[in-house]
1. Scanning the range 125-153 for residues that are in contact with a Gly (Cβ under 9 Å, 6 or more places away or on another chain) and farther than 18 Å from D236 by Cα, which turns out surrounded by the most Cβ atoms within 10 Å (Cβ to Cβ)?
2. Return the residues of the range 317-348 that are surrounded by 13 or more Cβ atoms within 10 Å (Cβ to Cβ) and acidic (D, E); say none if nothing qualifies.
3. Condition first: closer than 20 Å to T52 by Cβ and assigned to a loop (DSSP other than H, G, I, E, B). Now tell me which residues in the range 267-278 satisfy that.
4. In the range 173-228, which residues are modelled with pLDDT of 95 or more and among the charged types (D, E, K, R)?
5. Give the residues of the range 69-87 that are without any contact (Cβ under 8 Å) to a residue 60 or more places away in the chain, surrounded by fewer than 16 Cβ atoms within 10 Å (Cβ to Cβ) and under 30 Å from T210 (Cα atoms), sorted by residue number.
6. If I ask for residues that are of a type in the set (V, I, T) and under 19 Å from E198 (Cα atoms), which ones from the range 146-169 would you list?
7. Restricting the range 98-139 to residues that are assigned to a loop (DSSP other than H, G, I, E, B) and not hydrophobic (A, V, I, L, M, F, W, C), which is nearest to V23 (Cα to Cα)?
8. Can you tell me which residue in the range 234-266 is surrounded by the fewest Cβ atoms within 10 Å (Cβ to Cβ), limited to those that are over 16 Å from D221 (Cβ atoms) and of a type in the set (V, I, T)?
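The values are calculated or read from the model by the stated rules, or taken from the named source; none is laboratory data. Just so you know, these numbers come straight off a predicted model, no measurement behind them. We place every Cβ from the backbone using ideal geometry, glycine too, and count neighbours over all the protein chains shown.
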Amino acid sequence: MLTQPEKLNVVPFVSVDRMMKLVHRIGVERMLADLAQAIETDFLRWGQFDKTPRIASHSEVGVIELMPTSDGQTYGFKYVNGHPSNMKRGLQTVTAFGLLADVETGYPVLLSEMTILTALRTAATSAMAAKWLAPKGAATMALIGNGAQAEFQALAFKAVCGLREVRLYDIDPAATAKCARNLAGSGLTVTQCRTAEEAILGAQIITTVTADKTNATILTDNMVGAGVHINGVGGDCPGKTELHRDILTRSAIFVEYPHQTRIEGEIQQLAPDHPVTELWEVIAGRAAGRTDAAQVTLFDSVGFAIEDFSALNYIRSKLAETGLYEDLDMIADPDDPRDLFGMLLRAA
């Protein structure tokens, strides 16, 4: 871990530029695999964390959310938005930043960009879940929705699950072409498809990661055969889903935190008591994952604060060895804690 700075007003800050340098220093696939392991390790100590559904402020054009958690020693939160119409304005659909703080003092110990880091941790979580839920030997994935998250998903499944082929589809052919171009040289066989139906041919894993804030039907029931694993990423707020309800009723459904997923995930379409399994229980050996080859499994992924906590702590652990951070003078630190006004006067 990064040592505590001599002056507590100084907080390590990881900018977008430093985050990109850090990813290249470690390597994208290595970092995705590391993040998957970090998240899995924290899922194994699930009971140590404060857990609450994210705090969301919805509007007609998007959502702004806070995602807090603590393990009793370190507190963390992420600020994140989701504005699908931003793309038409040349802006990111999702932006984010995050903070870690020392529970004992309340002082921040890390501030970081999380637009890039959220893309990495989301993909790492998807691949970590598939390691436990996907059919044995799964090597081909249909990737429906080829926007900002797509390449991260493909590379995470390659790094963690041994994926060899990805079949791409997006309603915007330019997005598919962009994704294929970015994945060239990755070692994956990349096929650009003209329809979602074409994309799922021969795929053992289906990932949906679309952005529109609507109850969409990206997959209909007749598109999903026996024995596949569905990684539902795009449905992540009330009124935003991707899968036909009939798919859900014949799937074994796995979630991060039911109290949040029932509000935001695909299972918002189902009764509040519809049975689901928490992913941490599978990892801890307390519940079964995939039970037979013909089973349809669904990871109803909405993103949860513990995953961000894991990602931020991973970044913090890398700062001392890489030096890829800046000192941010963020907290007032007067010589006499009672004399904050005197500190202000002396700065004149």
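1. For the range 125-153, the residue satisfying everything is A142.
2. E326, D333
3. Within the range 267-278, the first condition is being closer than 20 Å to T52 by Cβ, and the residues that meet it are 267-268, 272, 276, 278.
The answer is P272, V276.
4. K178, R181, R194, E197, E198
5. Result: Y79, S85.
6. From the range 146-169, those of a type in the set (V, I, T) are 160, 166; that's our starting set.
Selection gives V166 alone.
7. In the first step, residues of the range 98-139 are kept if they are assigned to a loop (DSSP other than H, G, I, E, B); the result is 103-107, 114, 134-139.
Okay, now just the ones that are also not hydrophobic (A, V, I, L, M, F, W, C), so 104-107, 135-137.
On the way: E104: 31, T105: 31, G106: 29, Y107: 27, P135: 30, K136: 30, G137: 28 Å.
Out of the qualifying residues, it is Y107.
8. I263
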